[in-house]
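The values are calculated or read from the model by the stated rules, or taken from the named source; none is laboratory data. All values derive from a computational prediction rather than experimental measurement. Cβ placement follows ideal geometry from the backbone for every residue including glycine, while neighbour counts extend to all protein chains displayed. Surface areas here come from the heavy atoms of the whole protein model, side chains and all, with no ligands, DNA or RNA. Shrake-Rupley method; radii C 1.70, N 1.55, O 1.52, S 1.80 Å.
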Amino acid sequence: MQNLQRSQAVFDAAQALIPGGVNSPVRAYRAVGGVPPHIASADGARVTDLDGNEYIDMVLAYGPMILGHCHPEVRGALQDAIDHGTAFGAPTEGELDLARRITERVRGCEVVRLVNSGTEATMSALRLARAATGRERFIKFAGCYHGHGDSFLVQAGSGALTLGTPDSPGVPQCLASLTSVAPYNDLEETRRLFEERGSEIAAVFVEPVAGNMGCIPPQPGFLEGLRELCDTYGALLIFDEVMTGFRVARGGYLDLTDVPADLVTLGKVIGGGLPIGAYGGRADLMQEVAPAGPVYQAGTLSGNPVAVAAGVSTLDILDRPGTYEHLEGVGARLQAGLERALHDAGLQGTVQRQGSMLCLYLAEGPVTNLEAVHASDHERWTRFFQTMLARGVLLPPSPYEAWFLSTAHDADCVEEIIAAAGEALKASR
Ligand code: KE4
């Protein structure tokens with residue numbers, strides 16, 4: 001077991017000043033127990049905590065650090081941006097540079113607005129969808145997480161699941177009642193919701209790969225069916241690619257499917273580790289956003305020049321030959337190794353993956369929805385997590401989170417993870 005004395009001391013002191021001692025609930029380790037290692041520094045695929053313990057990092061800030069930590073060229077871009085000023089409240093050329101990169105990569109994203117988080121992106125996309133259709137209801141899927149905007153905190157995924165509060169207090173019932181929920185991958189239930197209230201439905205929000213209840217790819221025909229229902233009933237199809245964007249492919253999941261989305265939300269990778277989000281899509285819709293149109297949305301630090309510089313640098317580096325082949329290679333290698341480790345440990349489990357995001361479930365596969373994740377062996381998963389931590393592999397502290405790999409994770413690093421998993425699975429029995 002690591003020495004976590006300094007992390008413990010800071011965590012204890014923070015309890016009095018910060019809710020739960022953290023600025024985002026999942027970081028508090030409520031689902032797995034113990035003291036969350038407080039990170040002091042990071043480099044490449046590894047992080048070091050306040051007590052000097054080093055870990056291979058599979059959290060990567062929940063997705064943004066796709067190039068690993070402290071990438072020298074991203075650091076250089078950040079330093080150069082900082083040297084010219086950090087915020088102006090005025091337009092900059094960098095915002096155009098990032099908008100060009102996003103719109104040329106993401107199919108159907110003709111116009112894009114930068115904001116400061118994925119939550120802002122999805123909140124704004126929902127407001128736009130409601131304005132554009134004149135309807136108020138929307139559909140989401142149980143276990144999907146679209147940020148902490150009031151309308152989305154209904155059967156939400158990610159950290160809301162670790163606290164057992166997928167429906168948060170404080171969300172007005174009059175608002176939550178406008179959110180309809182179906183099981184992920186359940187086209188028949190979604191069809192029923194449309195048959196019941198199709199004329200009221202402004203949009204369907206979907207994570208094209210559900211990354212907030214582990215890693216659940218869409219079943220064949222699911223996204224196609226959503227597109228058909230939206231077209232039949234005049235609703236918008238919104239892909240929440242805050243996590244999958246630029247991670248699962250150069251243009252996000254929209255590169256991997258023929259299904260077009262009317263709007264797409266983005267975040268994480270496009271900020272290179274700094275606060276950012278974006279929403280975009282059809283020009284006829286996006287030109288309704290203020291000041292081009294009447295749909296109001298604003299932000300003091302939207303398009304921040306430092307975050308934009310990190311994002312532009314990250315997307316340019318991701319564009320180099322072989323990058324996504326590397327991410328696919330280490331992802332496939334890790335998946336195969338974890339599957340072997342499960343077999344060798346004589347444990348029932350499944351590993352699901354999309355590119356460089358993946359998840360190991362202690363449940364019989366395929367895991368296609370939230371109920372199946374609930375039914376997995378959380379007790380054993382927690383023992384597995386603690387042993388991985390002790391072996392120097394930092395997993396997201398919840399069976400409802402996806403694991404991430406970066407370009408800094410090489411074959412040797414993956415072999416270390418696999419070896420640790422082999423021991424941790426056997427020790428969990
Ligand atoms: P943020 O507001 O946290 O930047 O983005 C919200 C969001 C929106 N859409 C999707 C698909 C997302 O995955 C997220 C945020 N993801 C979680 C990780 N599962 C953030 C981690 C956290 O809450 O600390």
Residues of the stretch 272-286 being in contact with a helix residue (DSSP H, G or I) (Cβ under 7 Å, 6 or more places away or on another chain) and surrounded by 19 or more Cβ atoms within 10 Å (Cβ to Cβ), in sequence order, are Gly272, Gly273, Leu274, Ile276, Gly277, Ala278, Tyr279, Gly280, Leu285
When you look at Gly221, is it under 26 Å from Ala402 (Cα atoms), at pLDDT 95 or above and not hydrophobic (A, V, I, L, M, F, W, C), yes or no?
yes
Using beta carbons and a limit of 8 Å, which pairs, at least six apart or on different chains, have the first residue in the stretch 3-15 and without any contact (Cβ under 8 Å) to a residue 24 or more places away in the chain and open to solvent by 70 Å² or more (accessible area, probe 1.4 Å) and the second one of a type outside the set (Asp, Glu) and assigned to a helix (DSSP H, G or I)?
Asp12/Gly21; Gln15/Gly21
Failed item in (1) part of a strand (DSSP E or B); (2) surrounded by fewer than 20 Cβ atoms within 10 Å (Cβ to Cβ), with Phe205 passing the rest
(2)
Does Ala424 satisfy the condition of being away from the ligand (no atom under 16 Å from the Cβ) and touching a Leu at 6+ places or on another chain (Cβ under 6 Å)?
no
Note on the stretch 120-160: residues within 11 Å of the ligand (Cβ to nearest atom) and open to solvent by 20 Å² or more (accessible area, probe 1.4 Å) are Glu120, Met123, Tyr145, His148
Hand me the list of helices (runs of 4 or more DSSP H) wholly inside the stretch 328-429 holding 3 or more residues that are open to solvent by less than 10 Å² (accessible area, probe 1.4 Å) and either without any contact (Cβ under 8 Å) to a residue 60 or more places away in the chain or assigned by TED's automatic domain parsing to the domain that holds Ala45 (or both).
378-390, 411-427
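Only one of Val295, Val289, Val264, Val269 is over 30 Å from Gly76 (Cβ atoms), touching a residue at least 40 places away in the same chain (Cβ under 8 Å) and surrounded by 20 or more Cβ atoms within 10 Å (Cβ to Cβ); which?
None of the other options fit; the residue is Val289.
Here's the yes/no breakdown for (1) under 28 Å from Ala203 (Cα atoms); (2) touching an Asp or Glu at 6+ places or on another chain (Cβ under 6 Å); (3) of a type outside the set (A, V, I, L, M, F, W, C):
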residue	(1), (2), (3)
Ala87	no, no, no
Leu98	yes, no, no
Val112	yes, no, no
Glu120	yes, no, yes
Restricting to the stretch 48-101, count the residues that are over 14 Å from Ala307 (Cα atoms), hydrophobic (A, V, I, L, M, F, W, C) and within 16 Å of the ligand (Cβ to nearest atom).
5
Here the residues within the stretch 370-419 that are more than 16 Å from the ligand (Cβ to nearest atom), of a type in the set (Val, Ile, Thr) and closer than 19 Å to Leu342 by Cα are Thr382, Thr387, Val393, Val414, Ile417, Ile418
Which members of the stretch 20-34 meet the condition of being crowded, with 20+ Cβ neighbours inside 10 Å and either closer than 18 Å to Ala420 by Cα or among the β-branched types (Val, Ile, Thr) (or both)?
Val26, Val32
List the number of the failed condition for Ala99; all other conditions in (1) touching a Ser or Thr at 6+ places or on another chain (Cβ under 8 Å); (2) over 24 Å from Pro220 (Cα atoms) hold.
(1)
Going through the stretch 215-254 one residue at a time, which ones are touching a residue at least 40 places away in the same chain (Cβ under 8 Å), within 19 Å of Arg192 (Cα to Cα) and surrounded by fewer than 19 Cβ atoms within 10 Å (Cβ to Cβ)?
Gln219, Gly234
I'd like to check something: does the stretch 170-184 contain any residue that is under 29 Å from Val269 (Cα atoms) and within 13 Å of the ligand (Cβ to nearest atom)?
yes
